[in-house]
Structure formats: structure tokens, C-alpha cells
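> Before I ask anything, here is the structure I am working with.
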Amino acid sequence: MTTGAITAPDLVVDERRAAPHPIADALTIMWRNLLNLARNPQLLVFATIQPVIFVLMFRYVFGGAIRVPGVPYVDYLMPGIFVQTVVFGSLTTGVGLAEDLHKGLIERFRSLPMARSAVLVGRTLADLLRNLFVVVLMSVVGLIVGWRPSGSLPAIIFGVLLVLGFAYSLSWVFAIVGLSARDGETAQAASFPILAPLVFASSAFVPVSSMPGWLQAFAKHQPVSVVVNAVRDLTLGHPAGSNTVQALLWIGGIIAVCAPIAVARYRQVA
Amino acid sequence: MPPAILVENLEKRFGDVQALCGVSFEVPAQSVLGLLGPNGAGKTTTVRILTTLLRPDGGRAEVLGHDVTRDDRLVRASIGLAGQYAAVDENLTAHENLRLVGRLTHVEEPEIKRRSDELLDRFDLLHAQNRLVRTYSGGMRRRLDVAAALVHRPPVLFLDEPTTGLDPQGRTDLWAVIEDLVDSGTTVLLTTQYLEEADRLARNIVVIDHGTVIAEGTSAQLKARLGSTVIEVGFSDDESAKSAAELLSRVGAVTRDGRCLRVSVSDGAKSMLETVRALDGANLAPATMALREPTLDDVFLALTGHTAEEQPEADEKREREEEAS
């Protein structure tokens, strides 16, 4: 090490530095998480190659076997695969937080004069941007393999916003899981059993009417189906109706319940 | 000047384990306090309360006059913390890690740049500043971790076992930086299990065990408390040694081993003078003479009944509780 003197400490506490800057702090954390995303090969594959493979696989492998009355399967499929991808993607919010916790980064953040909400808001915003990228990428691939949405452009954009909003609300659910888990692997293991039934026992890939009666009751009303149905209405050019309203209620409700719990949990951990 | 850190009757309980049972101490501004104790003694719990990460169940703690529970924001703006793990982001470069902390402590952009360059230079990381931290060695990460705690020039620095896991060179290097920081006006609270480290860096030492302060003072005072500074006197012949043994029995308890005498005394310097006068008066010229102080290891053993590295089972349980909380 060099032996140069080190600048003297600031002996007066600067009130401006001590005050929270919720927006700037959240954007700083978002910047850090986006850098992490770009440099983590596993997360990159998760955000790029995997969604493309899913579109191609469902389009060409299962697409031939699944018949949906009245609509080409690819048009039926795309809303489902959007939602499926972002739902599984929301897992990374929890896994990332659990890793930060495990490595002591959360402890460092909590010792800094930053806004208490910033770690969670910054991370969920970074994940929202990742999802935006993923949905755009999948749309392009979908259009290449024959997806022809018949809804108006504003309706389609609204549908995409519903997908992103739902993903954002789930980020808060998994923030709670991540802050309660010991490390990333535990967070992932704890999340999968919640996600799998939600995604597969839904209208994402097949009509709910093809399921046994006892499963239909769950599959019809659970949030993944509601959001998929709403996006389907919007992209297929059906009038936006109760599905859309229900989807918005789910998104708002999940955020309203889970965000405060996650922030409270963040204050306690480490 | 008011103390930089004030801890009064601090209590913390985790389930049925009382981690802190009324800990009190003060750290004068611009000094180093060594918080010494075995694993699970309550060192980390104390640091976490002082850095606002944990709320105390009882008692009071202040940093620069700011209460850690009421004025926690002001406390966080005044402190730097480097914990037991290197809490740095592996997927960022050293430079980006420092910028991250600089932004989150609301330091202006040009100052962050200037300060990062200075710290990376001081901690010998300039050559690796644009490499991702995941390619760093353990020692480099630890250095970056301490550097990250300093971006906003905090007047009070908490170092929780900063040299655990460092090689001897890394340890002496870090000691030099800590000494520099104190010279330039930083107050440091350092927890350690290494008696040598506390001895070298800390003006005052607080020894805690089972959540209680069991001794406090300068390293020299702690050793003096042990009451047996040893004066070693060697002679070139048995005759002189025998006469001297008789003569020095009024200074302290003498044991003779051939031509070497060991005199156990309670007040080292004064007894040394007495020894010299007595020997001089009797015309006895010693070949060697030394005042040997007991080491902090001796002190710790005498105070707690176990050495610093040894860990009784109850402490292990306490430590697990601390980790789980």
C-alpha cells in the first residue's frame, strides 16, 4: 500500500447528506442491479435465450397437438407465454435479494443514510426494465413465427402494460420470499412450488375447460388466468371487459398488500 | 469534548439468550477503542446496535451525540461500517462499488471520483480498479470493503473483525491504514479476537464476555491489573544470584532458577527502580535485566478463565442466535 495521508473525515454531519433521497437512491440501486444483470451470464440467459426457446417450443412442438377452437394456437399462446415468462422471471427479484442478504450487502445498505425503500424499489424497477426487454424480444420472435395480433395497437400496448404490471406486483411477492430466505438457492426452492401450479393450472397454454372440474374452479379464478385472459382479450381484438378490470384489481391488490410487508421485512432483516 | 461514542447500560435479548446485559463504555473522539472478546461475547451485537442495524431492548447508545434509535439517520450519515464479511458487489468493479456507496451516501459526483481514486490508491487497488470484484482475492475484497466504508469521509468508523481471514502482510497493511485514519481525526471502534491487534491499535480496550464488560482500560492498565509484572534479573555467577535473591525478596516474590531470578511485582516501574537501588547498594552487578509485562493473552485468561480463541458451548449457541436474528 502507498503511504500517502488520507483526507480528513467530515466532522460536521451534513443534513443534506443525512436526508433520504428516495428517488435518487432507488435509481442508484436500479443502476447497480442492471449492471449485475448485464454481467451475470445465468441471468442473461434467463432474460434472453430462454424466452425465445419457449416461444419456439410452444409454437412448433406443442402447437401442433393443441387445438383451441376459433383462434390460431400461436395467437392464443402468445399472451400465455408472455405471462408465464414474466411470472417465472419475478423469481429473480427474490433470488437477488436473498443473495444480497447472504453476502452482507443488505447490511451495508442498511447502515447507509439512504432511503429505506430504495433497495426494494430499485430492484423491482430493474426487474421491470428487464421484463420490458423480454416482452419486446418475445413479441419480435412471435411476429416472426406467425403471431398476428388482431387487436388495435393501443389495446396491444395496454395488454403488454398489464403483463408488466402483473410482473411488477409479483416482484413484491418474491421480495418477501427473498428477504425471508437464507440464500438464493433457498429462495428459488421456496418460490417454485408457489409458481408452478399458478402458471400451469391456468389458461396460459390450454383452455381451462379442458381440465377436470375440481381444477377448473381454481384455474378460472386465479390471477395468472385472469391476467392471461385479459391480455388475450386485448391482443385478439375482443372488447376489454371484466377480465381487464379483475387483472387491474389483482395487480393493485398484490402491490398494496405485499409492498408494505416487504419494506417492513427489509427493516428487520440482516 | 463529548465522547464520539457513548454506550450506557445496553441490553439486547435474542429469544432466551441475553446477548448484552448492561454494557457501558465511552470512546473519546479521535481515538481507537478495541472491543475485545471471544466469539459470541456480544461484540457484533454492540456494533450492530451502534450502526442502527439492531434496536436495543434497553439502555442508550449515542454516536456523536445522536441517539441511535431516535436520530438514526444522522447516525448513519456519520458512520462507516466494515463488517465481518466483505460486503461488496462481486459483479461490479472496485470503482463502481465505491461509486455505489458514494451515491447512496449522497456525496457529489466529482467528490466521489476524487475520493474513490484516493482510496483505491491508498488501499493498493488502483491496478485492479476496473476488474470485476469476483476476480479479486480475499484480501483485496476485504480492503475494498474497508475503502467502501470510507467514501463519505465518516468521522466514526466501525470495523467488525476487519482482519479476520487476512494474511499477516494484509493485516499489518490494514493496521497502517487504520492508524492513518485515526491520525487524520477518525474515531474507530474495532472489534477483534486478536489480542495483538487490540494491543497495537487501541488506546483503550474494553473486554466483554457473555454480554458484560469484564475489564476496561489501556492495554498497560489491563496488564497491570493482573498484578504480576515480571522483573527478570540474570547474573554471571551463582553466588551473586543467591545474595540478590535474598536482597530482592522485599521487592516482590522471588523465584530463582540457577543464575536467573524472576521477581513478580504489582507495580513494574517502581519495583524496577527499587531493584536497581538494592542491587547497586549491595554492589551486585547483574548481567541482564528485563521488565517483562504479561501479554494480553495472560490477561484474558486471568479475566475469563478461558483464552480468546477457546469457545465454550454457551457462546456457540449465542453466536448462532445472533446470526439467525
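> Taking the radius of gyration and the Kirkwood hydrodynamic radius from Cα positions alone, what is the Rg/Rh ratio for the stretch B:135-232, to two decimal places?
Radius of gyration over Kirkwood radius for the stretch B:135-232 works out to 1.02.
> Cα-based Rg of the stretch B:161-208 per 2.2 N^0.38 Å, rounded to two decimals?
Cα-based Rg divided by the globular estimate yields 1.10.
> For the full complex of protein chains and a 1.4 angstrom probe, list B:121, B:89 by accessible area with the highest value first.
From most exposed to least exposed: B:121, B:89.
> Given the convex hull of the Cα atoms of the stretch A:21-268, what is a quarter of its surface area in nm²?
13.4
> Please identify the helices of chain A, taking whole runs of DSSP H, that span at least 18 Å along their own axis as judged from the Cα atoms and have a mean Kyte-Doolittle score of -0.5 or higher.
Membrane-span-like by this criterion, though nothing is claimed about a membrane: A:22-39, A:73-89, A:118-144, A:153-180, A:184-200, A:223-236, A:242-268.
> Compute, for the stretch A:21-268, the length of the dipole vector about the Cα centre, with Cβ point charges of +1 (Lys, Arg) and -1 (Asp, Glu) only. Units Debye, rounded to 20.
160
> Here is a further query. Can you tell me the equivalent ellipsoid semi-axes for the protein assembly as shown? Use √(5λ) from the Cα gyration tensor, largest first, whole Å.
One finds semi-axes of 65, 23, 21 Å for the protein assembly as shown.
> Restricting things to alpha carbons, tell me how big the stretch B:1-137 is in terms of Rg and Dmax, in Å.
Over the stretch B:1-137's Cα set, Rg and Dmax evaluate to 17.6, 50 Å.
> Okay, next question. Please list B:205, A:23, A:49, A:255 from largest to smallest accessible area, probe radius 1.4 Å, with all protein chains kept in place.
Order by accessible area, largest first: A:23, A:49, A:255, B:205.
> Further, regarding this structure: Assign unit charges at the C-beta atoms only (+1 for Lys and Arg, -1 for Asp and Glu), then state the dipole size of the stretch B:1-152 relative to its Cα centre in Debye, rounded to the nearest 20.
300
> Count of lysine pairs in the protein assembly as shown with Cα atoms under 27 Å apart, counting only pairs 8 or more residues apart in sequence or on different chains?
Lysine pairs, 8 or more places apart or on different chains, close enough: 10.
> Search the structure for amide H atoms under 5 Å from the amide H of residue B:205, placed 1.01 Å from N in the peptide plane, and list their residues when 5 or more places away or on another chain.
B:34, B:217, B:218, B:219
> Could you work out which residue, out of A:151, A:184, A:241, moves most in a Gaussian network model of chain A, that is, has the largest mean-square fluctuation with Cα springs under 10 Å?
Top of the fluctuation ranking is A:241.
> Report the full-extension gain for the segment residue A:140 to residue A:153: residue separation times 0.36 nm, less the Cα-Cα distance, to one decimal in nm.
Here the answer is 3.2 nm.
> Something else now. Mind checking the full-extension length gain between residue A:65 and residue A:218? Use 0.36 nm per residue of separation minus the Cα-Cα distance, one decimal, nm.
52.6 nm
> Could you state how much accessible area residue A:152 has, in square angstrom rounded to the nearest 10, with a 1.4 Å probe and all protein chains kept in place?
We get 70 Å² for residue A:152.
> Using a Förster radius of 51 Å, what is the FRET efficiency between residue B:67 and residue A:38 based on their Cβ-Cβ separation? Nearest 0.05, please.
0.75
> Another question about this same structure. Using only atoms on other chains, find how many Cβ atoms lie within 10 Å of each Cβ of peptide B:84-92 and report the average.
For peptide B:84-92, the averaged partner shielding equals 6.
> Enter the buried accessible area of the B/A pair, total of both sides, probe 1.4 Å, in Å² rounded to the nearest 100.
Result for this pair: about 4700 Å² buried.
> Rolling a 1.4 angstrom probe over the protein chains, ignoring ligands and nucleic acids, what is the accessible area of residue A:267 in square angstrom, nearest 10?
Its heavy atoms expose roughly 130 Å² to the probe.
> Under the Kirkwood approximation for Rh and a Cα-based Rg, what ratio Rg/Rh is obtained for chain B?
1.08
> Which one, B:151, B:85, B:137, projects farthest toward the positive side of the charge dipole computed for the stretch B:31-176 from Cβ point charges (K/R +1, D/E -1)?
Final value for the positive-end residue is B:85.
> I'd like the Karplus ³J(HN,Hα) series for the stretch B:229-234: coefficients 6.51, -1.76, 1.60, θ = phi - 60°, whole numbers in Hz, and an x wherever there's a Gly or Pro.
Values, residue by residue: 5, 10, 9, 9, 10, x Hz.
> Among B:104, B:19, B:275, which residue has its Cα positioned farthest towards the positive end of the charge dipole of chain B, with +1 placed on the Cβ of Lys and Arg, -1 on the Cβ of Asp and Glu, and the dipole taken about the Cα centre?
B:104
> Just by accessible area at a 1.4 angstrom probe, what is the order of B:181, B:74 from largest to smallest?
Sorted by accessible area, descending: B:74, B:181.
> Kindly report, to the nearest 10 Å², the accessible surface of residue A:210 as traced by a 1.4 Å probe over protein heavy atoms only.
Approximately 80 Å² of residue A:210 is accessible to the 1.4 Å probe.
> For the stretch A:53-129, take the convex hull of the Cα atoms, compute a quarter of its surface area, and give me that in nm², please.
Projected over every direction and averaged, the Cα hull of the stretch A:53-129 covers 6.9 nm².
> Something else about it: From other protein chains only, count the Cβ atoms within 10 Å of every residue's Cβ in B:101-109, then give the mean.
Mean shielding by partner chains, rounded to a whole number: 6.
> Right, next: Let me know the shape class of the stretch B:227-293, please: from the alpha-carbon gyration tensor, a ≥ b ≥ c as square roots of the eigenvalues, rounded when a/c is under 1.5, otherwise prolate if a/b is greater than b/c, or oblate.
Prolate is the answer for the stretch B:227-293, as a/c is 1.5 or above and a/b outweighs b/c.
> Apply 1/(1 + (r/R0)^6) to the Cβ-Cβ distance of residue A:16 and residue B:16, taking R0 = 41 Å, and write down the FRET efficiency to the nearest 0.05.
0.40
> A further question follows. Measure out, as a whole number of angstrom, how far apart the alpha-carbon centroids of the stretch A:115-148 and the stretch B:50-86 sit.
38
> How far, in nm, would the chain grow between residue B:236 and residue B:260 when pulled straight, counting 0.36 nm per residue and subtracting the alpha carbon separation?
Between residue B:236 and residue B:260, full extension yields 7.7 nm more.
> Kindly work out what percent of the DSSP beta bridges joining two residues of chain B are antiparallel, to the nearest 5.
Here the share of antiparallel DSSP bridges comes out near 65 percent.
> Where only protein heavy atoms count, and the probe is 1.4 Å, what is the accessible area per residue for the stretch A:179-223 in Å²?
Dividing the accessible area of the stretch A:179-223 by its residue count gives 52 Å².
The values are calculated or read from the model by the stated rules, or taken from the named source; none is laboratory data. Values in this document were obtained by computation on a predicted structure and should not be read as measured data. Methodologically, a virtual Cβ is constructed for each residue, glycine included, from the backbone with ideal geometry; neighbour enumeration extends over all protein chains shown. Surface areas here come from the heavy atoms of the whole protein model, side chains and all, with no ligands, DNA or RNA. Shrake-Rupley method; radii C 1.70, N 1.55, O 1.52, S 1.80 Å.
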